[in-house]
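Structure, as structure tokens:
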Amino acid sequence: MSDLPADQKPAHIMAIANQKGGVGKTTTAINLAAGLVELGYRVLLVDLDPQGNASTGLGVAASDRKVTSYDLLLSDAAIEDVVRRTQIANLWISPANSDLASADIDLVANEKRSFLLHDALRQPGIDAFGFDVVLIDCPPSLSLLTVNALVAAHSVLVPLQSEFFALEGLSQLLLTIRDVRKSANPGLRIEGVVLTMYDGRNNLSQQVEADARENLGDLVFKAVIPRNVRVSEAPSHALPVLAYDSTSKGADAYRALASEIAARLKR
Ligand SMILES: Nc1ncnc2c1ncn2[C@@H]1O[C@H](COP(=O)(O)OP(=O)(O)O)[C@@H](O)[C@H]1O
Ligand SMILES: [Mg+2]
């Protein structure tokens, strides 16, 4: 499949999580993935949300989702039967559909319920793809699906919408991360917090940024994602904004985020 250098490092696995919906998780997953691809990385995006927005946003037709992330978790599916190429070279996706909606219930009875994604992403067959980074787009909840992502991951990236109450939900997520560290994944790092849908003309956005930087310090990425209509249009063209409108402010911001993350990955 690819001519792997013998010294190929295992992929860095990063969950993109925030139990609030509509804060920019999926948008960040798609566009950070595209930004990392531009920097030369091979990236797998695991869509772990029953809504399947990342899959739709990258143009995976509903009819092409017969085998999905659900099967990766619960049917022992081989990675090569689940992942598929996207229109972007070197960007692969494990798609999702509403099958995942029952996953939480289907998982409960499973002894390894929290480790299924962890194990699926470490099956020997994945090496042949040579992924450098695996991004996991989490659902808007702290459900077993999100726990699976946090157990599987080396780090977690938290998109924070630049609006009132943004920081409030964060403590709950931090508690969940602490629990996962204690019980299953002691090495889980917080990759950082990225401010999304930022409107520089809005005092509230500025206030949220100031609060976040004061409370979270270096955890907050320098790159801030502006509210940008091109970002919201791109999924209906089945493309990351980096490909849909390469010179837009949104594309530039996601490139900046990808560069910051790439610098950390190299350390
Ligand atoms: N930077 C942005 N500028 C404009 N619209 C955005 C931006 N980021 C996200 N959106 C829009 O906000 C909505 C929620 O974003 P999404 O990434 O789906 O959030 P989540 O995955 O956290 O539920 C979507 O309609 C998306 O297109
Ligand atoms: Mg989403």
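Values for this structure:
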| item | result |
| --- | --- |
| Residue selected from region 61-93 under the condition among the aliphatic types (A, V, I, L, M) and surrounded by fewer than 13 Cβ atoms within 10 Å (Cβ to Cβ), by the criterion nearest to residue 246 (Cα to Cα) | 89 |
| Pair list, Cβ under 8 Å, 6 or more apart: region 54-70 residue among the aliphatic types (A, V, I, L, M), other residue open to solvent by 50 Å² or more (accessible area, probe 1.4 Å) | 58/87; 67/81 |
| Qualifying residue in region 218-238 (condition: more than 18 Å from residue 24 (Cα to Cα) and assigned to a helix (DSSP H, G or I)) | yes |
| Elements of type helices (runs of 4 or more DSSP H) in region 94-198, at least 2 residues being surrounded by 22 or more Cβ atoms within 10 Å (Cβ to Cβ) and within 16 Å of ligand 2 (Cβ to nearest atom) | 144-152 |
| Filter result for the condition that a residue is of a type in the set (A, V, I, L, M) and in contact with a helix residue (DSSP H, G or I) (Cβ under 6 Å, 6 or more places away or on another chain), over 108, 133, 158 | 133 |
| In region 239-267, the residues that are more than 16 Å from residue 37 (Cα to Cα) and surrounded by fewer than 17 Cβ atoms within 10 Å (Cβ to Cβ) | 247, 249, 267 |
| Any hit, region 53-69, residues being of a type outside the set (Ser, Thr, Tyr) and under 24 Å from residue 187 (Cα atoms) | no |
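Table: residues versus (1) under 14 Å from residue 254 (Cβ atoms); (2) within 13 Å of ligand 1 (Cβ to nearest atom).
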| site | (1), (2) |
| --- | --- |
| 13 | no, no |
| 16 | yes, yes |
| 22 | no, yes |
| 28 | yes, yes |
| 38 | yes, no |
| 49 | no, yes |
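The values are calculated or read from the model by the stated rules, or taken from the named source; none is laboratory data. On a predicted model such as this, the values are computed, not experimentally measured, just so you know. All Cβ positions, glycine included, derive from the backbone under ideal geometry; neighbour counts span all protein chains shown. The protein model used for the area step is the full one, side chains on, heavy atoms only, and it has no ligands, DNA or RNA in it. Shrake-Rupley method; radii C 1.70, N 1.55, O 1.52, S 1.80 Å.
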